[in-house]
Amino acid sequence: MKPGGTAKRKNGLVRYKFVCPMTKWGRDPDSGKQKRQCSCPDPCTDSPCGRMFYVCPEKNYRAYPGILRGTDEWDSTYKIRTSVERSINHFKGSFGLAGRKTQNAKTLKADLCLSGITQLVTVLLADGIHKHEYIRSLKPLLKAA
């Protein structure tokens, strides 16, 4: 299937259309208007315009980020997106925010402050013993000391 364009629905949601790769635009001899015509030797559908498939991404930005995969725009932003995702996961893990069991705002704030203090102490210790490669995490620093 190849991208066939996008359409905005009445409710404001965008949907993506994918069409058969053998489908071409051609002029209808009866009406003179342009329409899709499938030139498959073994058609997969009875429709003269070929098979069409619609994707409605709705609000699932992780699965459907708003950019079609395989396009130049996707290729140019993919490396940046993965780098940002990895950084966010690293921060969540090192600050103790990943896999939390409580949703209390006060507990979250206290955990965030304590983890920030721990990160600063880690930086000070690594700088004090001149092991700057251990600045990012406390566990390897403790093993090295």
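The values are calculated or read from the model by the stated rules, or taken from the named source; none is laboratory data. As the structure is a prediction and not an experimental result, all values here were calculated from the model. Neighbour counts are summed over all protein chains in view; Cβ atoms, including those assigned to glycine, are modelled from backbone coordinates with ideal geometry.
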What's the number of the condition Ile135 fails, among (1) within 36 Å of the chain's Cα centre (by Cα); (2) modelled with pLDDT of 85 or more; (3) aliphatic (A, V, I, L, M)? (2)
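On the basis of being aliphatic (A, V, I, L, M) and surrounded by 13 or more Cβ atoms within 10 Å (Cβ to Cβ), does Ala126 make the cut?
It is true that Ala126 is aliphatic (A, V, I, L, M) and surrounded by 13 or more Cβ atoms within 10 Å (Cβ to Cβ).
Here is a yes/no grid of residues against (1) modelled with pLDDT of 75 or more; (2) out of contact with any Gly (no Cβ under 9 Å at 6 or more places or on another chain):
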| site | (1), (2) |
| --- | --- |
| Pro41 | yes, yes |
| Thr45 | yes, yes |
| Pro48 | yes, yes |
| Met52 | yes, no |
| Glu58 | no, yes |
| Gly66 | no, yes |
| Gly70 | yes, yes |
| Trp74 | yes, yes |
| Thr77 | yes, yes |
Hits in region 14-39 - residues which are part of a loop (DSSP other than H, G, I, E, B) and either charged (D, E, K, R) or in contact with a Lys or Arg (Cβ under 9 Å, 6 or more places away or on another chain) (or both): Cys20, Pro21, Asp28, Asp30, Lys33, Ser39
